[in-house]
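What follows is one structure encoded as structure tokens, with my remarks underneath.
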Amino acid sequence: MRNNSLVNHSNALRIVLGTMLAVLGNSAVAGQVSLGAMTSYSPEVYRDTDANVVAIPVIGYESEHVFLRGFSAGVRLFPIGTPTNVIFRLAYDPRTLKPSDSEDVQIQQLDEREASVLGGVSYQMLSQVGVFEVGAGTDLGNKHNGLYAEASWRLPIRMNRFGITPQIGYSYNSDKINNHLYGVSKAESLRSGLDEFEAGWDGQYFVGLSGYVFLTESLRLNASVRYTNLQGDIENSPIIAASVSSMGALGISYVF
């Protein structure tokens, strides 16, 4: 079963990437390209564990159908600005747990939780009061094979040299995702002395703010922050530091 799952997710990933590259090739002339670097920062999520910092080089691209933005990429079925649209997405999920990084001897006995790649599709509607979007997806990195659904609203505010976008939403995750991130298996419980914890289907509210400013005609600074509040039984997980968490990202890029 595991091998079949791996093959299915790998095939799905190749199909999505192939579609994105094909559309990108057809629209490359009209797109805007940027090069830079981005760093994401997430304070302590698990007990007595250091903040999670990820730094990557970034190739940005924006056209009528295709976009590459830091840790995410996507293909729009219809051109950008269409009142209703369908968007296929890929996103790097940096949420990890390295037990050796924790100072808690019980956390050190847990299995590692690795980062993954999420893929999904969403329906987007533009209106005078903001952008509404609902979508669903799954793990394409074969780390937990979980499912998620998300609904969000955001309000892009654009000026001449800068812009900000507030956002609110709710994300609902399957038991596989929640157990990957917050669960304690029977084997882990025996090793660590922590209570066994099996997470079910539960979600989280989030509030975010992202923005950009052009320092020069071509040099752009990007930043974002996202606050998350876990809901339901997840709050009772014995391995998390708190049921609320935050994540920030900062990047700089040169726009051609």
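Could you check segment 117-141 and list, in sequence order, the residues that are assigned to a loop (DSSP other than H, G, I, E, B) and either touching a Phe, Trp or Tyr at 6+ places or on another chain (Cβ under 9 Å) or crowded, with 17+ Cβ neighbours inside 10 Å (or both)?
Residues satisfying the conditions are Val129, Leu140, Gly141.
Of the residues Ser185, Ser210, which is among the polar types (S, T, N, Q) and either under 19 Å from the mean Cα position of the chain (by Cα) or over 26 Å from Leu147 (Cβ atoms) (or both)?
Every option except Ser210 fails the conditions.
Just to be sure before I move on: is Tyr148 of a type in the set (Phe, Trp, Tyr), assigned to a strand (DSSP E or B) and surrounded by fewer than 18 Cβ atoms within 10 Å (Cβ to Cβ) in the structure I sent? It would help to see each step written out before you state the result.
Working: of a type in the set (Phe, Trp, Tyr): yes; assigned to a strand (DSSP E or B): yes; surrounded by fewer than 18 Cβ atoms within 10 Å (Cβ to Cβ): no.
Answer is no for this residue.
Filter segment 214-227 down to the residues that are within 25 Å of the chain's Cα centre (by Cα) and of a type in the set (Ser, Thr, Tyr) and list them by number.
Answer for segment 214-227, where residues must be within 25 Å of the chain's Cα centre (by Cα) and of a type in the set (Ser, Thr, Tyr): Ser224, Tyr227.
Using beta carbons and a limit of 9 Å, which pairs, at least six apart or on different chains, have the first residue in segment 137-162 and over 21 Å from Arg113 (Cβ atoms) and the second one among the acidic types (Asp, Glu)?
Ala151/Glu133; Ser152/Glu133; Trp153/Glu133; Arg154/Glu133
Among the residues in segment 109-116, are any surrounded by 17 or more Cβ atoms within 10 Å (Cβ to Cβ), touching a Phe, Trp or Tyr at 6+ places or on another chain (Cβ under 8 Å), of a type in the set (Gly, Ala, Ser) and in a loop (DSSP other than H, G, I, E, B)?
The answer is no; no qualifying residue exists.
Counting only residues that are over 18 Å from Ala223 (Cα atoms) and basic (Lys, Arg), how many does segment 55-92 have?
Going through segment 55-92 one residue at a time, the tally reaches 2.
Out of everything in segment 47-72 that is surrounded by 16 or more Cβ atoms within 10 Å (Cβ to Cβ) and touching an Asp or Glu at 6+ places or on another chain (Cβ under 9 Å), what residue ends up being nearest to Ala241 (Cα to Cα)?
That would be Arg47.
Out of the residues in segment 228-241 that are assigned to a loop (DSSP other than H, G, I, E, B) and touching a residue at least 40 places away in the same chain (Cβ under 8 Å), state the one that is farthest from the chain's Cα centre (by Cα).
Per the criteria, the residue is Pro238.
Listed here are the residues, each with its yes/no results for (1) under 17 Å from Glu64 (Cα atoms); (2) polar (S, T, N, Q).
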residue: Thr82; (1), (2): yes, yes
residue: Asn85; (1), (2): yes, yes
residue: Leu97; (1), (2): no, no
residue: Glu103; (1), (2): no, no
residue: Gln109; (1), (2): no, yes
residue: Ala115; (1), (2): no, no
residue: Leu118; (1), (2): no, no
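Between Val184, Val255, which is more than 26 Å from Ala55 (Cα to Cα), surrounded by 14 or more Cβ atoms within 10 Å (Cβ to Cβ), in contact with a Phe, Trp or Tyr (Cβ under 9 Å, 6 or more places away or on another chain) and touching a residue at least 60 places away in the same chain (Cβ under 8 Å)?
Result: Val184 is the single residue among Val184, Val255 that is more than 26 Å from Ala55 (Cα to Cα), surrounded by 14 or more Cβ atoms within 10 Å (Cβ to Cβ), in contact with a Phe, Trp or Tyr (Cβ under 9 Å, 6 or more places away or on another chain) and touching a residue at least 60 places away in the same chain (Cβ under 8 Å).
Looking only at segment 223-247, count how many residues are of a type in the set (Gly, Ala, Ser), crowded, with 18+ Cβ neighbours inside 10 Å and within 25 Å of Gln106 (Cβ to Cβ).
2
Values quoted throughout were computed directly from the atomic coordinates according to the rules given, and no laboratory measurement underlies them. It should be emphasised that the depicted structure is a prediction, and the values quoted were computed from it without experimental measurement. A quick note on method: Cβ atoms are made from the backbone with ideal geometry, for glycine too, and the neighbour counts reach across all protein chains shown.
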